[in-house]
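Presented below is the structure to which this report refers.
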Amino acid sequence: MSEPRALLSSVFGFDSFRPGQEEIVSAVCAGRDVLAIMPTGGGKSLCYQLPALAREGVTVVVSPLIALMRDQVRALREAGVSAGALTSATDEAEAEEIFSALDAGRLKLLYMAPERLARAGTEALLRRVRPTMIAVDEAHCVSQWGHDFRPDYLEIGRLRERLGCQVTAFTATADAETRAEIVTRLFPETPEVFLRGFDRPNLDLVFRPKDNPRAQLLDFVNARRGQSGIVYCASRARTETLARALGEAGHSTLAYHAGMEADARRHAETRFQREDGLIVCATVAFGMGIDKPDIRYVVHADLPKSIEAYYQEIGRAGRDGLPAETLTLFGADDIRLRRAQIDESLAPDERKEADHGRLNALLGLAETPHCRRRALLAYFGETPEDDCGGCDTCRERPELHDATEAAQKAFSAVLRTGQSFGSGHLIDLLRGVRTERMRERGHDELPTFGVGKDLSKAQWQVIFRQLMGLDYLRPDVTRHGALRLTEAARPLLRGEAGLELRRDRLEGAARAVTVAPRALVDEEDAALFAALKARRRALAEAAKVPAYVIF
Ligand code: ADP
Ligand code: MG
């Protein structure tokens, strides 16, 4: 066996290991099954590549993206390592070359696309080759409930069972549930687990409520002209409109989403990788496998779906270790959209509950008045001693405002109207606005009518958003987003608990009185909601359920 340290410099050209790499490499070289969780950019590839070179035989690497495999094979070959990839993009000549290198015992790393594993002949090939180890990159793709699920990854466990070789798995996704799923699906018994620190001190963390999302995005990007950045969007349509808007403001931009042709996607990836100062407006389809060290910022133009997703996406910024910025914009419509996506998914109920819980955790992070970095790390089980001093909430510690009474008023408006209305109508009710619907329903006769006149409409919107964010109120997707109380709201309603919300958010809203009612919603969001609404109406019709559209 070659000395890992020597290989580190002779093959990879690095003078030292990154934190965690050395421990992982030595466990892998000792033949143990390993699950390594390291942040994006932490240097996971080396943790299987180096042991592959240090030992006899072939290592099979399973990786979800062809582009990623190709890049790694190219880099390995340039470093003089015999490596190859069998994917749908491999032509016959190349495959022949790989097979003969395998038969001659020369090949050290064989990358395989997951869909290749189930193919006829693959098992026979692997039996002949007798790999030393199967290394599974982006191992969270085996999790059936994650957004990167790749059904073919399930084949890995079956192959491992038949081949009986060492397995190692690598991911940046850290939540306990996904971790447990990886262990049960890939390993015969509990592997050695390495969990490396999640703090990325060079990343600045900022969350802002949406007041005028497009202007907020433009302000941010305009102030960073010439820097490379990613703007994550919740829908394909939005990647295109935002890319256009940024382009009109004189930035060099590209849209990217899974609906684009493979060629166009590859072209976008290559341009982003090579050009300076390009901004990619993308869905979450963009990023896995992007290895650009100098991404200076990541903006979430819409709320991500969980802290895991958030962390992985912001983690693409500042891999060179230099300061990089992140900005996350979120509004009540994002919350409604995310809840609707969860409720409309085909997952079983307990999974939907878990997903609501994950979204709640993210919203808690969004609204935290305390050190945001600590809140983020706490989610991953890390408990730093001190506040970081560098995130938005540390720089400007938000004051708290006792919102118990406002929350109680909101809850009673919800209850008195039969938990059948969205925030728009409820806010009108609280503010004593006699709309036609109000009169039709006789809601202007309710004792709650007009009890919330002391707050503006914008302030009530903030309160409702925070109540939704804290999961006291939850939009019911089967009833057009009608808000209902969750169990968590009961103690507050009974006066057994109090509620403090961020004062700055309320004051900001008080200043923003001129904001048009739909300014909180972007056109594409509105279109998306209209589509959801229409679909629900059609579903209700089909099921002969009386459908009344409320929001
Ligand atoms: P991950 O898969 O964990 O996201 P990668 O394996 O793609 O991370 O590595 C991220 C970057 O760090 C790559 O550019 C890689 O070359 C570099 N890198 C990895 N290990 C080291 C090291 N020990 N010293 C310096 N750079 C490293
Ligand atoms: Mg990687």
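Values computed for the structure shown
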item: A332 vs. criteria of a type in the set (G, A, S), more than 16 Å from ligand 2 (Cβ to nearest atom) and in contact with a helix residue (DSSP H, G or I) (Cβ under 9 Å, 6 or more places away or on another chain); result: yes
item: Every residue from segment 205-228 that is closer than 21 Å to P384 by Cα, surrounded by 21 or more Cβ atoms within 10 Å (Cβ to Cβ) and of a type outside the set (F, W, Y); result: L205
item: Filtered residue count, segment 62-115, keeping only those that are over 24 Å from A258 (Cα atoms) and among the hydroxyl-bearing types (S, T, Y); result: 2
item: Counted residues, segment 19-54 - those being without any contact (Cβ under 8 Å) to a residue 24 or more places away in the chain and either within 14 Å of ligand 1 (Cβ to nearest atom) or hydroxyl-bearing (S, T, Y) (or both); result: 2
item: Flag if A83 is of a type in the set (A, V, I, L, M) and within 16 Å of ligand 2 (Cβ to nearest atom); result: yes
item: Sole residue being farther than 23 Å from I182 by Cα, in contact (Cβ under 8 Å) with a residue 40 or more places away in the chain and out of contact with any strand residue (DSSP E or B) (no Cβ under 6 Å at 6 or more places or on another chain), chosen from S10, S2, S16; result: S2
item: In segment 44-79, residue farthest from ligand 2 (Cβ to nearest atom) [restricted to those that are farther than 17 Å from S10 by Cβ and in a loop (DSSP other than H, G, I, E, B)]; result: E56
item: Options L186, L154, L125: the member that is more than 16 Å from ligand 2 (Cβ to nearest atom) and in contact with a helix residue (DSSP H, G or I) (Cβ under 6 Å, 6 or more places away or on another chain); result: L186
item: Residue tally, condition within 15 Å of ligand 2 (Cβ to nearest atom) and either more than 17 Å from P64 (Cα to Cα) or among the hydrophobic types (A, V, I, L, M, F, W, C) (or both), over segment 157-181; result: 4
item: Candidate set: segment 33-43, residues that are more than 10 Å from ligand 2 (Cβ to nearest atom) and not β-branched (V, I, T); chosen: the one farthest from V193 (Cα to Cα); result: P39
item: Unmet requirement for I24, which otherwise passes all of (1) of a type outside the set (S, T, Y); (2) farther than 14 Å from A169 by Cα; (3) within 16 Å of ligand 2 (Cβ to nearest atom); result: (2)
item: Residue within segment 57-70 that is crowded, with 19+ Cβ neighbours inside 10 Å, small (G, A, S) and within 12 Å of ligand 1 (Cβ to nearest atom) present; result: yes
item: Of all residues making up segment 209-237, the number that are within 20 Å of T270 (Cβ to Cβ), in contact with a Leu (Cβ under 9 Å, 6 or more places away or on another chain) and assigned to a loop (DSSP other than H, G, I, E, B); result: 1
item: Listing of helices (runs of 4 or more DSSP H) fully contained in segment 420-504 that carry 1 or more residues being closer than 29 Å to A361 by Cβ and modelled with pLDDT under 90; result: 423-431, 457-469, 490-493
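Here is a yes/no grid of residues against (1) basic (K, R); (2) within 16 Å of ligand 1 (Cβ to nearest atom); (3) modelled with pLDDT under 90:
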site	(1), (2), (3)
L76	no, yes, no
S88	no, no, yes
D91	no, no, no
A101	no, no, no
R130	yes, no, no
A135	no, yes, no
E155	no, no, no
E161	no, no, no
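The values are calculated or read from the model by the stated rules, or taken from the named source; none is laboratory data. Note that the structure is a prediction, hence the values are computed from the model and not measured. Virtual Cβ from ideal backbone geometry, glycine too; neighbours counted across all protein chains shown.
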